[in-house]
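Colleague: The structure that follows is given in the form of structure tokens.
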Amino acid sequence: MRKISAILILAGASAMLAGCGSSGLLGRDRPDEFAVQRQAPLVIPPDFSLSPPAPGAPRPSDRNTATQAQDALFGNPAPRSEIERTTGNRAGTAANSIRSTVGDPQTNTVAKGSVTRDIIAAPQGDGREAQAQAGG
């Protein structure tokens, strides 16, 4: 009885372990279900006097799903105020590799003192303990 139960347990464990493999009978090439994109349905326009689209131009209703998701999440950029535009124009443009240059340990930096280090190292709070003093 003991041998039979040990053999059954071993056979069951072997079958479960074989199910984890990616080759053999159960291992097949599956399509990427996230790469599938729906085609826009055919629509008859109500106004037949419309001009036909230019050859090779993309259909207006046929957009990439990634673009649709970004538009749904973030929408269009908000219009900038006059102050933001002026500040951006005065700041100019930075080099494309500025983040790599700033993150490089060989980049020379200016010591701002202990107050700046304390502000950067301070724990994040919800602002209830914040205090302000006016005057001297």
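The values are calculated or read from the model by the stated rules, or taken from the named source; none is laboratory data. These numbers come from a predicted model, not from an experiment. Backbone-built Cβ (ideal geometry, glycine too); neighbour counts: all protein chains shown.
Colleague: Taking Thr67 as the residue in question, decide whether it is of a type in the set (S, T, N, Q), farther than 27 Å from Arg38 by Cα and part of a helix (DSSP H, G or I).
Modeller: On the way: of a type in the set (S, T, N, Q): yes; farther than 27 Å from Arg38 by Cα: no; part of a helix (DSSP H, G or I): yes.
No, not satisfied.
Colleague: Still on this structure: Could you please find all residues in the stretch 99-136 being surrounded by 10 or more Cβ atoms within 10 Å (Cβ to Cβ) and either in contact with a helix residue (DSSP H, G or I) (Cβ under 6 Å, 6 or more places away or on another chain) or aliphatic (A, V, I, L, M) (or both)?
Modeller: Val102
Colleague: Filter the stretch 102-136 for residues that are modelled with pLDDT of 75 or more, of a type in the set (D, E, K, R) and part of a loop (DSSP other than H, G, I, E, B) and give the result.
Modeller: Within the stretch 102-136, Asp104, Lys112 qualify.
Colleague: Additional query: Just one of Asn89, Asn76, Asn96 is among the polar types (S, T, N, Q), under 30 Å from Phe34 (Cβ atoms), without any contact (Cβ under 8 Å) to a residue 12 or more places away in the chain and exposed (fewer than 10 other Cβ atoms within 10 Å of the Cβ); which is it? Give the steps one after another, and end with the answer.
Modeller: Working: Asn89 fails: under 30 Å from Phe34 (Cβ atoms); Asn96 fails: under 30 Å from Phe34 (Cβ atoms).
Sole residue among the options that is among the polar types (S, T, N, Q), under 30 Å from Phe34 (Cβ atoms), without any contact (Cβ under 8 Å) to a residue 12 or more places away in the chain and exposed (fewer than 10 other Cβ atoms within 10 Å of the Cβ): Asn76.
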